[in-house]
1. For the chain, which span is the longest to avoid every loop-located (per DSSP) member of GluC sites (Glu not before Pro) having at most 13 other Cβ atoms inside 10 Å?
2. Nearest 0.05, what FRET efficiency do GLN167 and LYS193 give at R0 = 25 Å with Cβ-Cβ as r?
3. For every other residue with a beta carbon closer than 13 angstrom to the beta carbon of ARG179, add +1 if it is Lys or Arg and -1 if Asp or Glu, then tell me the sum.
4. Given a cut-off of under 8 Å on Cα pairs at least six residues apart, what relative contact order in percent is computed for region 34-76?
5. Among the lysines, which fall within straight-line cross-link reach of LYS193, defined as a Cα-Cα distance under 21 Å, with same-chain neighbours fewer than 8 residues apart omitted?
6. Given a Förster distance of 45 Å, report the FRET efficiency between GLN92 and THR174 from their Cβ-Cβ distance, rounded to the nearest 0.05.
7. Which residue fluctuates the most in the chain, going by a Gaussian network model with Cα springs under 10 Å, if the choices are GLY23, GLY106, GLY134?
8. Loop sites only, by DSSP: take the trypsin sites (Lys or Arg not before Pro) in the chain that have at most 15 other C-beta atoms within 10 Å and name the longest stretch containing none of them.
Amino acid sequence: MTEIRVELPTGPTTVSADWAGDGEGAIVVIAHGAGTGKDHPFLLGFSEALVEHGFRTLRFNFPYVEQGRRMPGPAAHAIATWRAVVDVARQQAPEAPIWAAGKSYGGRMASMAVAEGLVVDGLAYLGYPLHAPGKPEKPRAEHLPAIAIPQLFVEGTNDPFIQPLSQFEEVVATCQDARVVWIDGGGHTFEIKGQRRPASEIGASLAPIVADFAA
């Protein structure tokens, strides 16, 4: 486990992170969703499958998880954490491409960090939370058109965070370089009605999509 120092607006703190993989492949930095942490089976399966595709991964926690809280802190804290973790990845492998990936909240915070100057080679969202369920009138998309690097949206067609799908597609169309890969019937955690699969298996099933994008 790696301890990473993060300079927050409220003062310094540390977060934990875990490397996986070796060699000289590209690095995928992975952030968790709002209600989980870096060791959730979904992310473990996703990370392990990326390693099998030749990538290195770095999974990390946001400060609120390290502090034992359930609800995310201010966006500025998450953005500062993304910057610190990417800095560590770049120090580890200065020449390697670095991709930022996140489940839901973690991906959205990565996009906000990039919009504010974080430098990575691309963004991969595993269920981008466009709005709270049932509240399409409050989309979280103002910053997306400013992002110049490639963006990959992996989305379930039954995800309540992006309904109606027409609104989501209109948002993606405003982006400079973006594509969507749809998981037919998938919900916000990519569960599909009538199919029982472990979270680790679901996460692993998305890795080839991100690997093709990053390649």
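Every read-out reported here was derived from the displayed coordinates using simple, explicitly stated rules and does not represent laboratory data. These numbers were taken from a predicted model, which means no experiment stands behind them. Please note: Cβ atoms are built from the backbone with ideal geometry, for glycine as well, and neighbour counts cover all protein chains shown.
1. Numbers: sites that count: GLU24, GLU95, GLU137, GLU142.
The longest uninterrupted stretch comes out as 143-215.
2. 0.65
3. On the way: positive: none; negative: GLU155, GLU169, ASP177, ASP212.
After counting each charged neighbour, the total is -4.
4. On the way: 24 pairs, mean separation 18.4, N = 43.
Relative contact order comes out at 43 percent.
5. LYS103
6. On the way: r = 34 Å, r/R0 = 0.76.
So, using R0 = 45 Å, E works out to roughly 0.85.
7. With Cα springs under 10 Å in the chain, the top fluctuation among GLY23, GLY106, GLY134 is at GLY23.
8. Numbers: sites that count: ARG69, ARG70, LYS193, ARG196.
Between the exposed loop sites, the longest stretch runs 71-192.
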